[in-house]
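Encoded as C-alpha cells, the structure appears first; notes follow it.
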Amino acid sequence: MRLMMSNGSLARCGLSLIAGLLLQSPVTRAQEAPPLPIALGFGADDEPVAMRLRDVGFLVKREAGWQMLCAAAIEVSGASNFYVDGLPSGGLVLSHFKGLQHTSADYCDLSYPDPQLEGVNVVDVARLGDTFYALVSLQDGGAIYKSEDAGATFALMAELPPDLVYFTLAASPSDNQRLYATAVSVDIDAGTSLRHLVRSKDGGQNFEVLSLELGQTTKTELLGVDPEDPDRLFLSFTQGVSSHSHGEESHLVDEFLVSEDAGDTWSSTLRPALLGGFAQDATTGEIWIGDAEGGLHHSSDRGASFELVDAELIVTCLASRGSRLWACGDSGMQDFSLGYSDDGGQSFSTVARFDRDVTGPLECGGQPLSICKAPWTSFMFWNGQGGQGGQDAGATSSTNSPDAGGSGNGGFDAGVAPGDASATEAIDRGEDSGGCDCRTLGEGNSGGGLLVGLSLSWLMVRRRRRL
C-alpha cells in the first residue's frame, strides 16, 4: 500500500532543506565519488552483516558473498543519511528521511515496525545493547523515541526544544538519564547559523541548549559518550580547506574535541585531515580515530592524547567489538575494504575486498534486483571492472567475471553502541540537506535539484513491500 507524507512531513523536510542550503560550504563534494564503506552493521555474533556505502546504499552479507542493497530498492534514492545495524533475530534496522525500517533475515522484506516512526525524518539512532534511541527531526524541533525491545516497538521519550534542526544523538552507557544531541539554529533573514549541544540529565524531562563556540564551523558530529563517565563527550567539527585525493575536489579540515564537563567546555586533542572513523573500547576506554586521507591514531587515556599507529592506512569507518577492532578502507590502495585487528590496529586481517568479494545486486526470489543495476555498474566501475563482474542486475541468472583489482560522515562507533552512531549533518560537504536528503539518484546538490527531489520524496512512502 502506498501512502503520502502529511503536509507536516513536507514542511519539516523543507525546514531542514533551508538549513542545508544556508549552511552549505562553497567547497562541495565532487558528484562522482567512490562508493567507499563508511559504517558497519553487526549481527548477534558481533560479526559485520552490513556495510553502508557512501551515496549508494548497503552491502549485505549472504552465503554467496556480499551483495548490494541499493538505496533505490528501499525507495530512498539519493539518501546518504542512514543508520544501519543488525537485529537480534536477523535482518537489519535502517533509518533515513522516511522513517525507521526493519528488513527480514534475507533482507528482501521491508517493514516499518512502529507506525510512530513511519513517514518521519529519523536523522540518527543511538543503540545500547537492545535499547534504541531514535532522533526525529520535526517541523518545529525534534523528538526522541525509545525502544527497550531491540527496536520492535518505540515510545515517545522526550520532546526536544523547538526552533532547532537536529542531527546527531548520543546516550550515556553508564547513566540512562543522560542524553545529548547536536543541533543548528538558523536565522533565515540574516543567512546565519549557530551550532548547539542539547543535553538532558534527567531522562529527557528537561533540556539545556548550549552554544558551541567553534568559530566558522561548517559541520559538527557528536561521536559518543565515554562508557564510564557520562560527562566525558567526544565531538568532531570541520573547518578550513584542504586537498582531498579520494574522489573529492577539496574538503574541510577536521578536529577531534573532548569535553570533561558534559559539554560546557571543550579541548582539541587531534586534527586528522579527514576523520573517517571513531571507535572506543567499552571495557578499557581506549579510543581509535581513523583518517580517510591516511592514518590510524590510538589513545590509551580516553581521548586526552593520541599516538600514530599507522600513517598510511586509509580508514573510512571503525568499530570496536570485544577486543577486536574493525575497520573499513579502500582496497584499491591497501589490502582490504573490510578488515579486523586483534592487536590494537598494529595489523589487520582482510575480511572482504570490493574487487573480489561482492557478487552483485541483492538476490530476492532467485533474481538480482534490476533497480540496482545503475548503482551496481557505478560500483564496479570504481572497483576497476568497468561495470562488469559479479552479476548483471537485469539478468535471469548470475554470471561471474574475472577480478580486475580494485568510507558522518559515518564510520563512528562508541564500543557499547553498535553500528553507525552518527547519521551526521554533512550538509556542508554536499552529503546531506540538513538531515533531510531529498535528492533523487544522480542529481546534484544545487538548490533546484534539491527542491525537485523534495517534491518527489513527498509522494513516495510505502508501508510494506517485497523487494
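Report the label-to-label distance for D109 and E148 in nanometres (one decimal), using points 7 Å from each Cα along the Cα→Cβ vector.
Each label point is offset 7 Å from its Cα along the Cβ direction, giving 2.8 nm.
Compute the orientation-averaged projected area for the range 108-190 from the convex hull of its Cα atoms and round it to one decimal in nm². Walk me through the numbers before you get to the answer.
Numbers: hull surface 26.4 nm².
Projected over every direction and averaged, the Cα hull of the range 108-190 covers 6.6 nm².
What order do you get for 293-300, 257-264 when each peptide is scored by the mean count of other beta carbon atoms within 10 Å, highest first?
Details: 293-300: 20.9, 257-264: 18.1.
Ranking, from highest mean packing down: 293-300, 257-264.
Can you compute the equivalent ellipsoid semi-axes for the range 48-195, i.e. the square root of 5 times each eigenvalue of the Cα gyration tensor, sorted largest first and rounded to whole Å? The partial results should precede the final answer.
Numbers: eigenvalues 150, 72, 34 Å².
Gyration-tensor ellipsoid for the range 48-195: 27, 19, 13 Å.
Excluding same-chain residues fewer than 8 positions from K61, which lysines have a Cα within less than 26 Å of its Cα?
Straight-distance partners of K61: K98, K373.
For the range 140-289, just the Cα set please: Rg and Dmax, both in angstrom.
16.3, 48
Treating each Cα of the range 36-107 as an identical point scatterer and ignoring solvent, apply the Debye formula and state log10 I(q)/I(0) at q = 0.16, 0.20, 0.23 Å⁻¹.
-0.47, -0.75, -1.02
Every number in this text was worked out from the coordinates using simple rules, so none of it is lab data. All of these numbers come straight from a predicted model, not from anything done at the bench. In this analysis, Cβ positions are derived from the backbone assuming ideal geometry, glycine residues included, and neighbour counts consider all displayed protein chains.
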